[in-house]
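Input: a single structure, listed below in structure tokens.
The values are calculated or read from the model by the stated rules, or taken from the named source; none is laboratory data. Please read all numbers here as calculations on a predicted model, not as lab measurements. In this analysis, Cβ positions are derived from the backbone assuming ideal geometry, glycine residues included, and neighbour counts consider all displayed protein chains.
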Amino acid sequence: EETQHGGLRTPIVAVLGHVDHGKTSLLDKIRGSTVIEGEAGAITQHIGATAVPLDVVGEVAGSLVDPSEFDLPGLLFIDTPGHHSFTTLRSRGGALADIAILVVDVNDGFQPQTEEAIKILADSQTPFVVAANKVDTIPGWQVHEDTPIQQTLDAQSDRVEQQFNEKLYEIIGELSDAGFTSDFYWRVQDFRSNVGVVPVSAMTGEGVPDLLAVLMGLAQRYMKEDMAIDVQGPGAGTVLEVKEERGFGTTLDVILYDGTVRADDTIVVGGVNGPIVTDVRALLKPRPLAEIRTESRFEKVDEIAAAAGVKIAAPDLDDAIAGAPVRAVRGRDLDDVIADVQEELAEVAVDTGEEGVVVKADTLGSLEAMANAMEEAEIPIMRAEVGDIAPRDVAMATTVDEEEYRAILGFNVDTLGDADDRAEQDDVQVFRSDVIYQLVEEYEGFVEDIER
Ligand code: GTP
Ligand code: MG
């Protein structure tokens with residue numbers, strides 16, 4: 001199993017950034033630049049993640065990584081599509097990801113979701129590097145496919161290099177405004193106190209060797225202890241998505257960060273109404289591309305060890321929530337595990353009062369992030385829940401005395417049924433956005449208008 005290596009698990013790397021800044025392209029580049037599935041040391045596709053084994057990292061990074069200097073098994077990348085909030089990526093006490101890559105388009109610089117990402121990285125104290133992407137779009141850029149950045153930079157004209165520096169220093173300035181000291185990665189001595197900026201092109205592969213080298217170095221240097229897990233122990237993970245899957249009913253896409261889950265395990269999952277206890281019906285892995293057309297898209301496996309992405313099919317998952325914990329019970333007292341999950345759910349329980357607004361969010365993690373932002377802005381909350389905005393939320397919002405609390409703030413959610421019409425009739429303000437601080441700002445604008 002490529003994810004195990006001398007008892008150390010694969011570090012989990014989240015790829016974050018604003019829409020269209022190149023997160024998926026970057027992973028595609030890493031995936032595409034190497035041997036096909038089925039060969040030794042191949043990259044494997046997981047549910048919601050991609051595992052890149054150490055020898056492949058070495059292959060892509062060339063002279064920048066000598067695999068014999070590392071004992072971590074590789075890197076497990078999680079892509080976070082723009083529409084899907086990466087605030088889902090929580091685990092007990094903090095971030096699911098061990099490291100993050102913040103992708104920033106050198107032409108666009110910081111954008112709302114970049115700001116949001118950086119705030120959440122700071123709050124969860126997740127170490128990260130910045131991939132300053134699309135350097136190939138600098139006018140006059142001469143492409144040197146898949147080469148380290150210094151090598152291609154040396155071959156550029158002075159004019160191009162000057163523009164390159166300007167764009168990069170702009171990003172370094174924006175990082176500074178966000179409270180982070182940063183520099184070109186090759187000048188960074190301590191990656192915990194300084195953010196390394198790695199210029200890359202997901203299109204041409206330039207700088208991608210550097211990015212992998214920096215990630216491997218960071219993980220090996222600072223995270224080795226956290227990676228030492230009991231691989232055979234009962235699994236612990238986080239729900240990325242709750243999904244209907246033909247032939248399997250409601251399933252969970254899970255990132256497993258500790259231990260093993262087996263096909264005959266009883267599991268406990270966080271749900272809307274508290275912990276759900278159920279028995280695994282099937283553990284599913286995506287099939288290699290070549291096999292998809294033959295039959296189902298998934299392959300059943302007997303067990304899967306951290307770190308990995310896996311789809312879990314089981315009865316009674318309808319109330320499970322994205323961002324919630326999943327635990328295998330195996331050999332432990334069921335009540336203890338339930339209590340454990342309960343406790344973790346309570347970690348994100350939001351302080352609510354009798355007067356305040358209604359908050360809805362798409363995942364447990366995003367609800368937590370919303371609650372933090374609202375506490376900072378001193379906006380009281382009457383009810384906070386995971387889920388779309390429903391008519392009953394509107395009814396709830398009408399029960400307050402103060403006009404300024406007659407509002408619903410929805411992060412990354414839709415409205416259900418006639419909730420919008422009801423809100424309009426009942427004079428309840430509905431704010432929806434996929435950027436937390438925009439929601440808070442819009443709501444504050446509404447309050448100012450009332451006070452005027
Ligand atoms: P979302 O998942 O929607 O948030 O976007 P993303 O961050 O995954 O961006 P994606 O990888 O889909 O890239 C967006 C667009 O930018 C695509 O058209 C890519 O081809 C283009 N693109 C990404 N990286 C590069 C790059 O390094 N150079 C150039 N020229 N184009 C790029
Ligand atoms: Mg994408």
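Selection of strands (runs of 3 or more DSSP E) fully inside the stretch 3-60 by the criterion of at least 3 residues being at pLDDT below 90 returns 44-46. So VAL188 passes all but one of these: (1) under 25 Å from GLN125 (Cβ atoms); (2) loosely packed, with under 14 Cβ neighbours inside 10 Å; (3) without any contact (Cβ under 8 Å) to a residue 24 or more places away in the chain. Which condition number does it fail? Tallying (1) under 25 Å from GLN125 (Cβ atoms); (2) loosely packed, with under 14 Cβ neighbours inside 10 Å; (3) without any contact (Cβ under 8 Å) to a residue 24 or more places away in the chain, VAL188 fails exactly one: (2). When restricted to residues that are out of contact with any strand residue (DSSP E or B) (no Cβ under 9 Å at 6 or more places or on another chain) and either surrounded by 20 or more Cβ atoms within 10 Å (Cβ to Cβ) or within 20 Å of PHE110 (Cα to Cα) (or both), the stretch 405-437 contains 2. Residues in the stretch 62-91 that are of a type in the set (A, V, I, L, M) and either part of a loop (DSSP other than H, G, I, E, B) or at pLDDT below 90 (or both): VAL65, LEU72, LEU89. Out of curiosity, is ILE138 within 16 Å of ligand 2 (Cβ to nearest atom) and either of a type in the set (D, E, K, R) or closer than 23 Å to THR204 by Cβ (or both)? It is false that ILE138 is within 16 Å of ligand 2 (Cβ to nearest atom) and either of a type in the set (D, E, K, R) or closer than 23 Å to THR204 by Cβ (or both).
Yes or no, residue by residue, for (1) among the small types (Gly, Ala, Ser); (2) modelled with pLDDT under 95:
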position	(1), (2)
GLN113	no, yes
ILE118	no, yes
SER124	yes, yes
GLN142	no, no
PRO148	no, no
PHE164	no, no
SER182	yes, no
TRP186	no, no
VAL195	no, no
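Scanning the stretch 319-334 for residues that are at pLDDT 95 or above, assigned to a loop (DSSP other than H, G, I, E, B) and in contact with a Ser or Thr (Cβ under 8 Å, 6 or more places away or on another chain) yields VAL329, ARG330.
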